[in-house]
Structure formats: C-alpha cells, structure tokens
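The values are calculated or read from the model by the stated rules, or taken from the named source; none is laboratory data. Fair warning: this is a prediction, and the values are worked out from it, not measured in the lab. Cβ: placed from backbone, ideal geometry, glycine included. Neighbour counts: every protein chain shown.
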Amino acid sequence: MWLIIGYGNSLRCDDGAGPSFVNQLRSRLPESAAQFICEHQLLPEMVEQLARPEIDKVLFVDAKRDQQVPFLFTPLCDQPAETQSVTHQYGPHWLLAMSATLYRQPRQAWLLSLRAVNLDHGEQFSADTQNAISLGLDAAIHFLENPEQKINQF
C-alpha cells in the first residue's frame with residue numbers, strides 16, 4: 001500500500017501545493033489505494049507511519065521553487081540521507097533513513113515536486129502552480145499504478 005505525504009505551508013501561497021494536491025488526489029482514489037498525510041512540514045513522528053507493515057511505497061509531495069517543469073517525480077531510495085540540524089525541518093531522506101534504521105523497514109520512495117513561483121504570504125496559488133497541480137493529478141494516478149514507468153513527460 002502507498003503512503004502519500006503532502007507537506008507545505010498553506011499560508012505561503014504556492015508552498016501549500018503539497019497538502020492541497022494530496023487532498024485532491026485522495027478524493028480521486030479508492031480508500032484502499034493509499035494512506036494519506038497532510039502537514040505544514042515533515043515531522044519526526046512520521047517515521048513510525050513509514051514503518052507500518054502495510055506500507056511498501058511512499059510518495060512525498062511538495063512545492064519547489066525555480067523548477068522549470070510543472071511536476072517532477074524523483075526516486076529517493078538510492079540517494080543518501082540529508083545532513084540536517086535536529087532542531088530544524090526534517091527531509092524525506094532523513095525520514096526514510098530513520099525508518100530503515102529504527103524499524104528495519106526500508107521503503108521505495110519518490111518525491112513529486114510541483115512548480116512554485118510565489119511563496120509570499122497568502123492562500124492563493126499562482127497560475128503556474130494551479131497548472132502543475134492539475135497536470136500532476138492525472139500523472140500521479142498513473143504513477144501510483146505503474147511506479148516503474150517513466151512518467152516525467154510534458
């Protein structure tokens with residue numbers, strides 16, 4: 001089963017694209033297809049959720065500034081964990097590494113990044129981010145069914 005985690009600050013315009021995307025995706029999938037988490041940032045408590053025995057694949061969804069394409073799927077499983085301060089934000093690599101270390105539960109994982117251009121205060125998405133969400137939803141549904149296929153085609 002998939003675990004789909006959308007994160008980003010909904011009060012910083014395009015930065016809130018991750019949770020919004022995941023909520024829209026949830027409404028288009030059967031309940032049995034995945035478990036969903038939406039937060040303003042990744043949290044260390046998510047390590048336990050990553051390690052649940054029914055979870056075998058993880059999709060992180062976040063906004064990314066200065067991305068040229070509307071959306072991009074990037075595999076995370078073969079990349080090393082990020083070096084980060086324990087008191088600051090945790091990244092997907094860190095969560096995956098902790099899950100593998102503490103629970104002996106390595107997971108296949110990907111990051112779906114959505115193009116973001118406006119990270120100012122506010123709750124409205126830019127036209128570019130709205131487009132990324134729209135295009136990304138259909139691609140994500142296909143990707144969840146076939147994660148090994150190349151999907152980054154625009």
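Name the residue that is modelled with the lowest pLDDT, counting only residues in the stretch 61-90 that are more than 19 Å from Asp14 (Cβ to Cβ) and either hydroxyl-bearing (Ser, Thr, Tyr) or surrounded by 20 or more Cβ atoms within 10 Å (Cβ to Cβ) (or both).
Filtering first and then ranking leaves Thr87.
Residues are listed down the side, and each one gets a yes or a no for (1) buried (at least 18 other Cβ atoms within 10 Å of the Cβ); (2) free of Cβ contacts under 8 Å to residues at least 24 places away in the same chain; (3) in contact with a strand residue (DSSP E or B) (Cβ under 9 Å, 6 or more places away or on another chain):
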{"residue": "Ala109", "(1), (2), (3)": "yes, no, yes"}
{"residue": "Asn131", "(1), (2), (3)": "no, no, yes"}
{"residue": "His142", "(1), (2), (3)": "no, yes, no"}
{"residue": "Gln149", "(1), (2), (3)": "no, yes, no"}
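Which residues, counting only those in the stretch 13-59, are within 19 Å of Leu76 (Cα to Cα) and either touching a Cys at 6+ places or on another chain (Cβ under 7 Å) or of a type in the set (Ser, Thr, Tyr) (or both)?
Val22, the sole residue that qualifies.
Which ones in the stretch 28-61 are of a type in the set (A, V, I, L, M, F, W, C) and closer than 19 Å to Phe143 by Cα?
Leu29, Ala33, Ala34, Phe36, Ile37, Ile55, Val58, Leu59, Phe60, Val61
Within the stretch 107-135, track down each residue that is under 17 Å from Pro92 (Cβ atoms) and outside any strand (DSSP E or B).
Arg107
Hey, among the residues in the stretch 41-58 that are outside any loop (DSSP other than H, G, I, E, B) and in contact with a strand residue (DSSP E or B) (Cβ under 8 Å, 6 or more places away or on another chain), which one's farthest from Met1 (Cα to Cα)?
Met46
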